[in-house]
1. Along the charge dipole of the chain, pointing to its positive end and built from +1/-1 on Cβ of Lys, Arg, Asp and Glu, which listed residue (I42, N73, Q238) has its Cα farthest out?
2. Give me the percent of Cα-Cα pairs in the chain that sit more than 41 Å apart, rounded to a whole number.
3. Near K333, which lysines are there with a Cα under 18 Å away, not counting those fewer than 8 places off in the same chain?
4. Given the peptides 136-149, 21-34, arrange them by the average over their residues of other C-beta atoms within 10 Å, most packed first.
5. Using Cβ counts within 10 Å as a stand-in for footprinting exposure, how do Y62, Y341 rank, fewest first?
6. Which log10 I(q)/I(0) values does segment 230-277 give at q = 0.19, 0.25, 0.28 Å⁻¹ under the Debye formula, counting every alpha carbon as one identical point scatterer?
7. Distance between Cα centroids, segment 1-63 to segment 111-127: provide it in whole Å.
8. Please report, to one decimal in angstroms, the Kirkwood hydrodynamic radius of segment 57-207 built from all distinct Cα-Cα pairs.
Amino acid sequence: MVGPHGGKLVDRTLKGKQLERIQDEIVELPKMVVNKELANDIRNIAEGVFSPLEGFLGQQDYLNVLYDKRLANDLPWTIPIVLDTSKHNLSGLTEGDDIVLADKTSQPIALLHITDIFNFDKKEMASLVFGTTDKSHPSVAKTFHMKELLLGGKLDLINKPESSYETHRLSPVETRRLFKEKGWKTVVGFQTRNVPHLGHEYIQKTALSLVDGIFMQPIIGRKKSGDFKDEVVIATYQALIENYYLRERAIFGILQTEMRYAGPREAIFHAIIRKNFGCTHFIVGRDHAGVGNFYPPLSAQKIFKDFPDLGVTPLLFPCVFYCERCEAMANEKICPHGIRYRLDFSGTKIRAAISNGQTAGLMIRPEVAKVLMKWKNPFVEM
């Protein structure tokens, strides 16, 4: 089985006597409240999902990620995982201090050992990570609303943040154990934020024909307005897998983090995450993690040429469509017929049709359509 990114699966979860000792100490420590997305990523760090990260990025790693798409030790890493705060919230804290990170109910989640406190340029972050400073990009808008300082340092998880989807969540330790029990030596990971259509299924099963098993793992977390709700994505994928996949060849789990919509950079980030879960291969679509027209076609696939040392094999799929002449699913490499015979798959078109109460002609399985129609409004609203 492929090793985790950086060679070691991180575990920063306090247990047993360590946890007992810290319970008395944290009462005396300053506390900072974090939102749900940060709480989820704290857990991701602690459970090895973001290996080799052991905490929030310090200044040197942060700048390296922005400009070189690598950590300071030259290991590929493309998305800055950071904790922002204000001077007011610091309340006299300095580098070397510890602080408790808590949820909105004041429940302690983790202990942060502060190693770095530094200013950052929001415009610089937006431009380098998302390729634009246009605030119509959802993550650019979020970046400009961040507080003025970043805190870096290692984390120790005290309590898992509350989750409505715990039964669907698998840790890297658990998936690696499952893959081993099934005898899978090669596993392809599939990332999505949408409900499945026949184009997705075609790509998944084409990839599955090359490996021992597939790990389908939709992102569950903050998304832009108009994307499908988390519970809708989970329910539709369960319907698809139950009816159209061999149980011994497919595993379903969720990735609790937010969508960054960072296009090429996020494609690499998603591949690294699935490597940590034990995947040897990773499916990359033509517009992976894209939004609007911010990223050129195929840019999410081309970036993999810059990372020969990534340690996971990308499976790069061309545009998939249904050909009326072939009477089958096809792609640009295998179909000789013209554009007029093609029925393209589009998440935008699917969302528009469903908003109007239509599912006919959407090229989705009837079981998936049945699940979708149970929701009066299956979309995220802001």
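1. Q238
2. On the way: 9784 of 72771 pairs.
The proportion of pairs with Cα distances above 41 Å equals 13 percent.
3. Within the straight-line limit of under 18 Å, K333 reaches these lysines: K205, K302.
4. Details: 136-149: 16.6, 21-34: 13.3.
Ranking the peptides 136-149, 21-34 by packing returns 136-149, 21-34.
5. Numbers: Y62 22, Y341 16.
By the 10 Å Cβ count, ascending: Y341, Y62.
6. Relative scattering, expressed as log10 I(q)/I(0), comes to -0.81, -1.01, -1.04.
7. So the two Cα centres are separated by 17 Å.
8. Values: mean 1/r = 0.0532 Å⁻¹.
18.8 Å is the Kirkwood radius here.
Read-outs throughout are calculated quantities, based only on the coordinates presented, and are distinct from any laboratory measurement. What you see is a predicted model, and the numbers here were worked out from it, not measured in a lab. Using ideal geometry, Cβ is built from the backbone for each residue, glycine included, and neighbour counts are taken over all protein chains shown.
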